[in-house]
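Working notes for the structure below.
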Amino acid sequence: MEAYLYPDFPIDPPAPAGVPSAYWVGPRHLAGDDGRPYDTVADTLADLGWTSLTLVRGRREPDEAPDDRQVLRSIVLHISPDSLRWAQWVLPDEPFHLGNLPVAWQVSARSDSAAPLAQWSAYFTPEIPGEVLGTFLTALDARDQPALPLGGTELVLDAVTAHGWLRDVDQQAVGADDLTFSSHVHLGQVPPLIQDGDPLALVAQAGEAALTGWQAWAEPALGAGYLWAASFSSSAPHDLVAAFADSLSSSAPVLRQVVPESTRDRLLRAPAN
């Protein structure tokens, strides 16, 4: 059973003006994104040298002053120096949902700068810890060939079981769960609208075998809704998914000022001062 490291200390006690309270918390797969789903990831991309572009779409009426323009939707696009990989902040668009949660980040890669489409894509909702996405993006940035398959499915399962997660009893070859069975990684059918460069993803008909890809999610309480969800298209390299899974299941605590309401009673915490 999980318990507080310091049960007498609330997660958000009163603090002097201008001095935020912060705590080291764990497990990180339930720690949320600290209320910063964009900034933490964007800082990582900036440190990696990726270029950011803001795309704004709106509506402008005839004879309307520029300051009166109505901005309808906007995204921020981050592009690697070689243009082979990119990450889109798409939450303002809310293009679709995973587990009834809006997608916040879409990460894609291609094998050649002349290729018009991504070879694979990955999607992440809010509340995925920024540290986890940062590890995934750093591993992607380090790849000379970001679309080249490398390793097998065991890489992902080995990453989480090394941190104490358990193989799925019924599907040990394709799934694993944390010790509280609140977070999961599973190789299964790819949800609708997940983009992939495999032509089978475009021509598959109803009733045909669907492509499989890695899916991950957290459901702190059964039937109470998901905290976060992630989906990797079928062509996403297993070693990159393993980097995500390794950071997700890490026992190292993360620094937080804000934690999800649904998991605050399940988090170990210690004051950061």
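Do any residues in segment 77-94 that are surrounded by fewer than 16 Cβ atoms within 10 Å (Cβ to Cβ) have Cβ atoms under 6 Å from those of residues that are assigned to a loop (DSSP other than H, G, I, E, B) and of a type outside the set (D, E, K, R), where the two are at least six apart or on different chains, and which pairs are they?
81/49; 83/113
If you scan segment 166-183, which residues turn out to be open to solvent by 40 Å² or more (accessible area, probe 1.4 Å), assigned to a loop (DSSP other than H, G, I, E, B) and either within 13 Å of residue 27 (Cα to Cα) or in contact (Cβ under 8 Å) with a residue 12 or more places away in the chain (or both)?
Kept after step one, since they are open to solvent by 40 Å² or more (accessible area, probe 1.4 Å), are these residues of segment 166-183: 166-167, 169-173, 179-181.
Cutting the leftovers down to assigned to a loop (DSSP other than H, G, I, E, B) gives us 169-173, 179-181.
Of everything in segment 166-183, those that are open to solvent by 40 Å² or more (accessible area, probe 1.4 Å), assigned to a loop (DSSP other than H, G, I, E, B) and either within 13 Å of residue 27 (Cα to Cα) or in contact (Cβ under 8 Å) with a residue 12 or more places away in the chain (or both) turn out to be 171, 173, 179, 180, 181.
Which pairs have Cβ atoms under 6 Å, sit 6 or more apart or on different chains, and link a residue in segment 236-262 that is on the phi < 0 side of the Ramachandran plot to one that is in a helix (DSSP H, G or I) and small (Gly, Ala, Ser)?
Hits for this filter: 240/139; 242/159; 243/139; 245/159; 246/159.
Which one is farthest from residue 29 (Cα to Cα), of the residues in segment 99-136 that are charged (D, E, K, R) and out of contact with any Phe, Trp or Tyr (no Cβ under 7 Å at 6 or more places or on another chain)? So that I can check it myself, show each step before the final result.
Just the residues of segment 99-136 that are charged (D, E, K, R), to begin with: 110, 112, 127, 131.
If we keep only those that are out of contact with any Phe, Trp or Tyr (no Cβ under 7 Å at 6 or more places or on another chain) too, we end up with 110, 112, 131.
Values: 110: 29, 112: 34, 131: 10 Å.
Once the filter is applied, the top-ranked residue is 112.
If a residue counts only when it is among the aromatic types (Phe, Trp, Tyr) and modelled with pLDDT of 65 or more, which strands (runs of 3 or more DSSP E) contained entirely in segment 1-84 have at least 2 such residues? Walk me through it before giving the result.
On the way: elements: 23-26, 51-59, 70-79.
Those strands (runs of 3 or more DSSP E) span 23-26.
What is the number of the single condition among (1) closer than 30 Å to residue 258 by Cβ; (2) modelled with pLDDT of 95 or more; (3) of a type in the set (A, V, I, L, M, F, W, C) that residue 194 does not meet?
Against the list (1) closer than 30 Å to residue 258 by Cβ; (2) modelled with pLDDT of 95 or more; (3) of a type in the set (A, V, I, L, M, F, W, C), residue 194 comes up short only on (2).
Among the numbered criteria (1) closer than 16 Å to residue 160 by Cβ; (2) assigned to a strand (DSSP E or B), which single criterion is violated by residue 250?
For residue 250, the failing item is (2).
Would you check if residue 196 is touching a Gly at 6+ places or on another chain (Cβ under 9 Å) and either at positive phi or touching a residue at least 12 places away in the same chain (Cβ under 8 Å) (or both)? So that I can check it myself, show each step before the final result.
Details: touching a Gly at 6+ places or on another chain (Cβ under 9 Å): yes; either at positive phi or touching a residue at least 12 places away in the same chain (Cβ under 8 Å) (or both): yes.
Spelling it out, residue 196 is indeed touching a Gly at 6+ places or on another chain (Cβ under 9 Å) and either at positive phi or touching a residue at least 12 places away in the same chain (Cβ under 8 Å) (or both).
Out of the residues in segment 220-273 meeting the condition of being open to solvent by less than 40 Å² (accessible area, probe 1.4 Å) and β-branched (Val, Ile, Thr), tell me which one is nearest to residue 175 (Cα to Cα).
Looking at the filtered set, the residue picked out is 241.
What's the total number of residues in segment 147-177 that are in contact with a Ser or Thr (Cβ under 9 Å, 6 or more places away or on another chain) and not aliphatic (A, V, I, L, M)?
The first filter runs over segment 147-177 and keeps only residues in contact with a Ser or Thr (Cβ under 9 Å, 6 or more places away or on another chain), leaving 147-149, 159-165, 167, 173-174, 176-177.
Filter once more, so that each one left must be not aliphatic (A, V, I, L, M): 149, 161, 163-165, 167, 177.
Residues flagged as in contact with a Ser or Thr (Cβ under 9 Å, 6 or more places away or on another chain) and not aliphatic (A, V, I, L, M) within segment 147-177 amount to 7.
The values are calculated or read from the model by the stated rules, or taken from the named source; none is laboratory data. All values reported here derive from a predicted model rather than from experimental measurement. Using ideal geometry, Cβ is built from the backbone for each residue, glycine included, and neighbour counts are taken over all protein chains shown. Side chains included, ligands, DNA and RNA excluded: accessible areas come from the protein's heavy atoms. Shrake-Rupley method; radii C 1.70, N 1.55, O 1.52, S 1.80 Å.
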